[in-house]
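Here the structure comes first, spelled out in C-alpha cells, and everything after it is commentary.
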Amino acid sequence: MNEFRDNLLARIEQAEEAVRLANEQQDTYAAETHGADLANLRRLAAEHGVK
C-alpha cells in the first residue's frame, strides 16, 4: 500500500503544480483540465484513506 500511497501523493503534488502554473500563465483551459484531474486524484485518495 505504501507504493500506491506514495505514487498517488506524488501525482496530487504534480497536479497541484500544474494548476498553479496554468493559473500563472492565465491558461484557463489548462487550469480547468488539471483541476479536474486534481479533483479526481483527491477523490481517489479519500476513497482509500490516503492523506
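Taking the structure as given and computing Rg and Dmax of the Cα atoms in Å, which label from (i) 9.3, 26; (ii) 22.1, 77; (iii) 11.7, 37 fits?
It is the value labelled (iii).
Relative to the first principal axis of the alpha-carbon coordinates of the chain, what is the inclination of helix 2-24, with its axis defined by its Cα atoms, in degrees from 0 to 90 and to the nearest 10?
10
Any idea which of Leu8, His34, Gly49 is furthest toward the positive side of the dipole for the chain, if Lys and Arg beta-carbons carry +1 and Asp and Glu beta-carbons -1?
Gly49
Enter the accessible area per residue of the chain (Å², integer; probe 1.4 Å; all protein chains in place).
Dividing the accessible area of the chain by its residue count gives 77 Å².
Mind pulling the angle between the C-alpha long axis of helix 28-47 and the longest principal axis of the chain? Nearest 10 degrees, somewhere in 0 to 90.
Result, in degrees: 10.
Report, in deg cm²/dmol and to the nearest 500, the calculated mean residue ellipticity at 222 nm for the chain, where each DSSP H run with n ≥ 4 adds -39500 (n - 2.57) and the sum is divided by the residue count. It would help to have the intermediate numbers written out before the result.
Working: 2 runs with 43 residues, N = 51.
Result for the chain: -29500 deg cm²/dmol, rounded to the nearest 500.
Can you tell me the length gained on complete extension of the stretch Asp6 to Asn40, counting 0.36 nm per residue apart and subtracting the Cα distance?
10.6 nm
In the chain, what percent of the accessible surface is made up of carbon and sulfur (1.4 Å probe, ligands and nucleic acids excluded)? Write down the numbers at each step before the final one.
Details: 1890 of 3900 Å².
Ligands and nucleic acids excluded, carbon and sulfur reach 48 percent.
The values are calculated or read from the model by the stated rules, or taken from the named source; none is laboratory data. This structure is a prediction, so every number in the text was calculated from the model and none was measured. Here Cβ is always computed from backbone atoms with ideal geometry, including for glycine, and neighbour counts include all displayed protein chains. Accessible surface is based on the protein model in full, side chains and every heavy atom, while ligands, DNA and RNA are left aside. Shrake-Rupley method; radii C 1.70, N 1.55, O 1.52, S 1.80 Å.
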